[in-house]
Amino acid sequence: MNDERRTVYEGQWLRVKICGRWEYAERTHADGLAVIIIAVTPENNLLLVEQYRVPIDSKSIEMPAGLVGDVEAGESIALSAERELLEETGWQASRIQVLMTGPTSAGFSSERVSFVRASGLTRVHAGGGDAHEKIHVHEIPVADVPAWLTKKMAEGYAVDPRVWAGLWLIDRNPDGSPA
């Protein structure tokens, strides 16, 4: 395989590259790392966010998430997670535990995502994202989340499959041991 990699497009957040027959995308920030936050309130409600996503032309249901280092270069995974959780949902975590990091779509992108578990949550404000986002926050009882997600899919929402992985990680570590 020809290992020469060349850039064919570069924007503010995304770059498209070619290597041999492969065409793929890279994030242009902080080594292409994102974070997904698994956050359960003291009332045992899972925090989910709803927002319109241009690439899929649909409203999407996701766990709170964001790019690591998009605000400040060198920002840690934990600090990014804490910032994104507060910005998107209005909840502050007293503890962030990094659980695992892996590729989001290894055949399409070099982006990696870290799952973190946020605990010790305190409500600070209503959330909703920054000035460029229109995020609706959902607080769903953990036991009801699968049925609620299924209902949302039937209503035409796109549900990020990583939410299902996050559900598994609420009370388990990646190796299956109790959290």
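Here's the yes/no breakdown for (1) within 30 Å of T7 (Cα to Cα); (2) charged (D, E, K, R):
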| site | (1), (2) |
| --- | --- |
| A34 | yes, no |
| L46 | no, no |
| G74 | yes, no |
| T89 | no, no |
| G107 | yes, no |
| R123 | no, yes |
Answer residue from region 154-179, given it is touching a residue at least 60 places away in the same chain (Cβ under 8 Å) and more than 19 Å from T41 (Cβ to Cβ) and is surrounded by the fewest Cβ atoms within 10 Å (Cβ to Cβ) among those | G156
Where a residue in region 129-153 is at negative phi and assigned to a helix (DSSP H, G or I) and its partner, wherever it lies, is open to solvent by less than 50 Å² (accessible area, probe 1.4 Å) and among the acidic types (D, E), with Cβ under 9 Å and at least six apart | K152/E50
Restricting attention to region 65-76, does a residue exist that is β-branched (V, I, T) and modelled with pLDDT of 95 or more?
-> no
Mind telling me which of the residues Q97, Q51 ends up being among the polar types (S, T, N, Q) and within 14 Å of G129 (Cα to Cα)?
-> Q51
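A quick yes/no check of all residues on (1) at pLDDT 95 or above; (2) open to solvent by 20 Å² or more (accessible area, probe 1.4 Å):
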| site | (1), (2) |
| --- | --- |
| V16 | yes, yes |
| G20 | no, yes |
| D31 | no, yes |
| I36 | yes, no |
| A39 | yes, no |
| N44 | yes, yes |
| V49 | yes, no |
| D57 | yes, yes |
| M63 | yes, no |
If we keep just the residues of region 78-119 that are open to solvent by 40 Å² or more (accessible area, probe 1.4 Å) and of a type in the set (A, V, I, L, M), which is farthest from the chain's Cα centre (by Cα)?
-> A106
Given the residues K151, K134, which is the only one that is open to solvent by 30 Å² or more (accessible area, probe 1.4 Å) and touching a Gly at 6+ places or on another chain (Cβ under 8 Å)?
-> K134
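The values are calculated or read from the model by the stated rules, or taken from the named source; none is laboratory data. Nothing here was measured: the structure is a model prediction, and the numbers come from that model. Here the Cβ is made from the backbone with ideal geometry for all residues, glycine too, and neighbour counts use every protein chain on show. Quick note on the areas: whole protein, heavy atoms, side chains included, nothing else; ligands and nucleic acids left out. Shrake-Rupley method; radii C 1.70, N 1.55, O 1.52, S 1.80 Å.
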